[in-house]
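Each remark here refers to the structure printed beneath this line.
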Amino acid sequence: MSGKWRWILPQAIVLALLCPQICRAAVSVAIPRIAQAPKIEDFQNMTPSGAATQLQHVTGFIQNHPFDSKPATERTDAYLGYDQSNLYIVLLCWDKAHGVRQTLSRREPPITNHDDRPFDSDDYVEITLDTFQDQRHGFVFDVNPRGVQADALWTEGEGPDYSWDTLWYSGGQVNTDGFVVWISIPFRSLRFHPRATLNWGVTISRYIARKDELDYWPQVSTRVSGRLSQEAKLTDFKDISPGRNMQFIPYVESRTFRTLDTLDPTQPRYDSASFQGKAGLDSKFVFFDSLVLDSTINPDFAQVESDEPQNTVNQRFAVLFPEKRPFFMENSNFFEAPLIAEGQLQTRLVFTRDIVDPTYGVRLTGKRGPWNLGFLVADDRSPGLIVPPSNPSYHQRAHFAIGRVSHDLGEQSSIGAMYTDREFNGTFNRVGGLDGTFRLDKNWSAQYRGYMSSTLDSTGYSFGQHQEGVLVGTGRRFTFSMQYLDITPKFQTETGFLQRADQRSLNQYGHFYWRPEGKHLIQHGIEENGTQLWGSHGTTLQQVISGDYVFGFRRNIIFAPIYFYESDVLRPMDFAATPLPTNKQMAQQGGGIVFRGSPWRAFNWSTRFFHNGAVVIVPALGQLPYTGNETALTQNIGIKPTGRLQIDNTYILERVTNGLAHHAVVNSNIFRSKWNYQFTREFSLRFIGQYNGLLANQQFSSLNTTKNLNFDVLFTYLVHPGTAVYVGYNSNLENVDPDLCFHLPGSTQCNPNNPTARLSNDGRQLFIKISYLFRR
């Protein structure tokens, strides 16, 4: 460990233990036990009546954004109570201008960025419950004015994880004065320690979309880091328990498919089946009221939406595509130390997309006192299915085991230990280590993660180390993040995601905003990012510095011009396929803009455009990597023509040219259009069409020209999480590699009656899937 971290971490621990005196919330409200459950009809004319008069009333919401600490511009009243089985929360959201934005959308629209809103450009309310009152983890419940739900797990320092689903109830009603939201959360859907009397942490927020205004009760200020550190306390929960909780979700599926089998590249063939049946079971057991055992047998993810497109052309290092499969996403925050660095991609020791085709999975997660537990075991058929029958690994399975235990310190600090293991056909990759996350004061946090890897593969045994230290500060006007990485060349993680080994680097990000909070301009300020990276032998391998000036306007409009400079050193060991004789330094600079906004309910956009120098790492065979020019555009446009239809379009352009010859090297075009029509809250239709076209100039590039067209149609009838009917169809067309043609018998020539060079259908699938939640 470097010298600076030897003195930072002891101070971090001391300050973390003092944090309870610094960060504790001051607001406390006693919640009443009621004899009769309230209904949304009890709030006609925005006035409580009947059973609603028993509820505790709170108001006085304060802005978090755009004008921190100022009173909310619209009145919000919250009413709370509970009975033996449920927590009830009703919100009256007044709107003098009759400007409520509302859409009947599917439950839990997909969210890939923690900064995104759960309902895009709709108004919504949000409840965050800290049932363990540890100011680290919480349950999030979102509802829009039409009663549409979204739920998530909150991790302080990381934000919400919307992969989590549970059973709860909601309703919404829009009227001339605003809208009413009714929420009922069964205690069986939560995790907490049952005691005679309980206290929970809570925050309640309301988002007013047309003003881009976020209001909180109690006050949650951007001047203080975190949300749960500013929570209110709900007191006097008496004699409640999650109770016995067992869930079983069996499913049956029938599918008809046709796909290209390239297991033997010299003799490709089509594989097909008609009405192929499949069945599986997901189960959940809750014991000790706070530990959850999940299992899945023969899981199926046919209904899971395909990945959002990203540019993968001319990329030196792996591109991260997030996990989307529900079983592996749920409670994933128990398996990794909080990734608190701002503006940097931290190593993930758990990246479950490495488990490609499992037949089973078992997961134990939960909290016992100050201890947080997460354990996962699963298998993966895919390594034994991608090799021909003659390979010794044919039909062999990989096995995964992941475990993490952490212990809370103070109110928002923790130390932890974790271990991961992947075994396959006599080889293994094992990683273990310790970590600590420390809350220094209301704005600053520090973290250390140290891991070691042990790997046995076909090349022999290897050992590696990974050390990381992070210091992060956030406030109303500033963010500062400093990360130190020391990763040895032989460090590997086959259960995680690591972009680059063999590095010692300092990575820094910061911004400072002035906030005039004017009629149009809300904030403006500078952002900067820098990297200094060395190899294990001290050679400088990369230097990056970038800066932009951000202008933030009302209606959630952001405009930022950007400039950056980058210098890279390429080594022969990094490019085994090219005859690179010695280290070669290349420098490039460029600029671009970011422009996005959602000024109206029916329209939002995001534009990212860059033009810069680039290193061409896919030169033609026998050529060295060289300097080129890159033009990159990512354009997203969202449209809501009606209150039931949402259309999201994405276009990605990547054009690389030879800097000396001024000829195109590659042109990549990706267009994706996703349509979702909501007939009712339960019944929806989703259509996705995506075209990927890569035009390669083989005079300057080793890539081949490829074209792909994919269509995906899905009918969904979702009663609630676990009980659903899916009917889907997928069709894929592409210009199949001519080398994969059908050969004439006894010849290497292609059969002219089976051409594969044109755009042809190389895969299609029709499936019907039915699942049902049994809950006891």
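The values are calculated or read from the model by the stated rules, or taken from the named source; none is laboratory data. This is a predicted model, so every value here is computed, not measured. Note that we place each Cβ from the backbone using ideal geometry, even for glycine, and neighbour counts take in every protein chain shown. The area values use the complete protein model at the heavy-atom level, side chains included, leaving out ligands, DNA and RNA. Shrake-Rupley method; radii C 1.70, N 1.55, O 1.52, S 1.80 Å.
What the table shows:
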{"item": "Residue 207, sole failed condition from (1) open to solvent by less than 10 Å² (accessible area, probe 1.4 Å); (2) of a type in the set (Phe, Trp, Tyr); (3) part of a loop (DSSP other than H, G, I, E, B)", "result": "(3)"}
{"item": "Failed criterion for residue 11 (all others in (1) of a type outside the set (Asp, Glu); (2) open to solvent by 60 Å² or more (accessible area, probe 1.4 Å); (3) modelled with pLDDT of 95 or more hold)", "result": "(3)"}
{"item": "Residue within the range 565-586 that is farther than 30 Å from residue 102 by Cβ, at pLDDT below 90, among the basic types (Lys, Arg) and out of contact with any Leu (no Cβ under 7 Å at 6 or more places or on another chain) present", "result": "yes"}
{"item": "Residue check, residue 428 closer than 24 Å to residue 355 by Cα and not in a strand (DSSP E or B)", "result": "no"}
{"item": "Close pairs from the range 125-151: first under 30 Å from residue 644 (Cβ atoms), partner open to solvent by less than 10 Å² (accessible area, probe 1.4 Å) and basic (Lys, Arg), Cβ under 7 Å, at least 6 apart", "result": "125/206"}
{"item": "Residue check for residue 328: more than 17 Å from residue 690 (Cβ to Cβ), aromatic (Phe, Trp, Tyr) and assigned to a loop (DSSP other than H, G, I, E, B)", "result": "no"}
{"item": "Those residues of the range 672-686 which are open to solvent by 50 Å² or more (accessible area, probe 1.4 Å) and within 22 Å of the chain's Cα centre (by Cα), in sequence order", "result": "675"}
{"item": "Answer residue from the range 224-249, given it is open to solvent by less than 30 Å² (accessible area, probe 1.4 Å) and assigned to a strand (DSSP E or B) and is farthest from residue 61 (Cα to Cα) among those", "result": "247"}
{"item": "Criterion: modelled with pLDDT of 95 or more and closer than 20 Å to residue 447 by Cβ - qualifying residue of 491, 559, 478", "result": "491"}
{"item": "Pick from the range 617-641, criterion at pLDDT below 90 and among the β-branched types (Val, Ile, Thr), ranking: surrounded by the most Cβ atoms within 10 Å (Cβ to Cβ)", "result": "618"}
{"item": "Residue match in the range 298-312 (condition: surrounded by 19 or more Cβ atoms within 10 Å (Cβ to Cβ), in contact (Cβ under 8 Å) with a residue 60 or more places away in the chain and acidic (Asp, Glu))", "result": "yes"}
{"item": "Qualifying residue in the range 472-487 (condition: closer than 20 Å to residue 417 by Cα, of a type in the set (Gly, Ala, Ser) and not in a loop (DSSP other than H, G, I, E, B))", "result": "no"}
{"item": "Single residue of the range 480-505 satisfying the filter (of a type in the set (Lys, Arg) and without any contact (Cβ under 8 Å) to a residue 60 or more places away in the chain) that is nearest to residue 531 (Cα to Cα)", "result": "504"}
{"item": "Pairs, first farther than 13 Å from residue 515 by Cβ in the range 546-557, second in a strand (DSSP E or B) and among the polar types (S, T, N, Q), C-beta under 6 Å, six or more apart", "result": "546/529; 556/598"}
{"item": "Qualifying residue in the range 748-771 (condition: aromatic (Phe, Trp, Tyr), modelled with pLDDT of 90 or more and within 31 Å of the chain's Cα centre (by Cα))", "result": "no"}
{"item": "Some residue of the range 256-276 being at pLDDT below 90, within 19 Å of residue 125 (Cα to Cα) and not in a strand (DSSP E or B)", "result": "no"}
{"item": "For residue 507: the one exception among (1) touching a Ser or Thr at 6+ places or on another chain (Cβ under 9 Å); (2) closer than 24 Å to residue 591 by Cβ; (3) open to solvent by 20 Å² or more (accessible area, probe 1.4 Å); (4) not small (Gly, Ala, Ser)", "result": "(3)"}
{"item": "Selection status of residue 353, in contact with a helix residue (DSSP H, G or I) (Cβ under 9 Å, 6 or more places away or on another chain), of a type in the set (Lys, Arg) and closer than 20 Å to residue 422 by Cα", "result": "yes"}
{"item": "Selection count where residues are open to solvent by less than 60 Å² (accessible area, probe 1.4 Å) and more than 24 Å from residue 770 (Cβ to Cβ), scope the range 687-696", "result": "6"}
{"item": "Residue count for the range 676-717, restricted to those that are under 22 Å from residue 647 (Cα atoms), among the charged types (D, E, K, R) and outside any loop (DSSP other than H, G, I, E, B)", "result": "2"}
{"item": "Selected residue (criterion: nearest to residue 473 (Cα to Cα)) from residues of the range 315-349 that are open to solvent by 30 Å² or more (accessible area, probe 1.4 Å) and of a type in the set (Phe, Trp, Tyr)", "result": "334"}
{"item": "Residues that are touching a Leu at 6+ places or on another chain (Cβ under 9 Å) and buried (at least 18 other Cβ atoms within 10 Å of the Cβ), drawn from the range 447-469", "result": "447, 448, 449, 451, 466, 467, 468, 469"}
{"item": "Test: residue in the range 514-521 that is in contact with a Leu (Cβ under 7 Å, 6 or more places away or on another chain), within 24 Å of residue 225 (Cα to Cα) and in contact (Cβ under 8 Å) with a residue 24 or more places away in the chain", "result": "no"}
{"item": "Subset of the range 488-500 (residues that are part of a loop (DSSP other than H, G, I, E, B) and open to solvent by less than 30 Å² (accessible area, probe 1.4 Å))", "result": "491, 493, 495, 496, 500"}
{"item": "Residues of the range 625-667 that turn out to be within 13 Å of residue 701 (Cα to Cα) and part of a strand (DSSP E or B), as a count", "result": "11"}
{"item": "Search result, residues across the range 378-403 that are of a type outside the set (Phe, Trp, Tyr), open to solvent by 30 Å² or more (accessible area, probe 1.4 Å) and either assigned to a strand (DSSP E or B) or farther than 15 Å from residue 429 by Cα (or both)", "result": "381, 385, 386, 388, 389, 390, 391, 392, 395, 396, 399, 401"}
{"item": "Contacts under 7 angstrom Cβ, first residue in the range 239-253 being among the hydroxyl-bearing types (Ser, Thr, Tyr), partner open to solvent by less than 50 Å² (accessible area, probe 1.4 Å), 6 or more apart", "result": "241/187; 241/289; 251/280; 251/300; 251/769; 251/771"}
